[in-house]
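The values are calculated or read from the model by the stated rules, or taken from the named source; none is laboratory data. These figures come from a predicted structure and were not determined experimentally. Backbone-built Cβ (ideal geometry, glycine too); neighbour counts: all protein chains shown. Protein only, heavy atoms only, side chains kept; ligands, DNA and RNA dropped before computing areas. Shrake-Rupley method; radii C 1.70, N 1.55, O 1.52, S 1.80 Å.
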Amino acid sequence: MHNDVETRAPLWGRFEQAFTCAGSYASPAQDVALTATFRGPSGAELQVDGFWDGGATWRVRFMPSEPGHWSFTTRCSAAEDAGLHARSGEFLCVAAHAATR
């Protein structure tokens, strides 16, 4: 997830990342498990579950608990699905009032 504008999320606010699966599943919510491991500026790691949001879309939502640079990596039970497995990204967690600037 590299872009010219740095992605920001407010402290204790919601960071959300969408993913598009590459595979086709009869029952996505039952057939596939998606998790993301977030690593904060202090080195702490937190794991959250992702969810199927219809069609080919999956989402991960996370609430950062400390300001600074965060990164994440996904893990999917269908490791062959390049749209969901081993995806990574980063964002900057800022004070709530600074997120809208």
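For the reader, a short list of remarks on this structure follows.
- Å² of accessible area per residue within the chain, as computed with a 1.4 Å probe and no ligands counted: 59 Å²
- The accessible-area ordering, largest first, of the residues His69, His97, His85 stands as His97, His69, His85, per a 1.4 angstrom probe.
- Put simply, the Cα atoms of region 23-78 extend 40, 17, 14 Å along their principal axes, the longest span coming first.
- Given charges at Cβ of Lys, Arg, Asp, Glu: the chain dipole, positive-most of Thr35, Ser71, Phe15: Phe15
- Remark: accessible surface ordering of Ser77, Ser27 (largest first) is Ser77, Ser27, probe radius 1.4 Å.
- Note on the chain: helix-only mean residue ellipticity at 222 nm, from DSSP H runs of 4+ residues weighted -39500 (n - 2.57) and normalised by residue number, equals -500 deg cm²/dmol.
- Solvent-accessible surface (1.4 angstrom probe) belonging to Phe51, in square angstrom, nearest 10: 70 Å²
- Heavy-atom accessible area with a 1.4 Å probe sorts Glu6, Glu66, largest first, into Glu6, Glu66.
- Positive minus negative residues near Leu84 (Lys, Arg vs Asp, Glu; Cβ under 13 Å): -2
- When nucleic acids and ligands are ignored and a 1.4 Å probe is applied, Trp52 ends up with an accessible area of around 100 Å².
- Accessible-area composition of the chain, carbon plus sulfur, in percent [1.4 Å probe]: 48 percent
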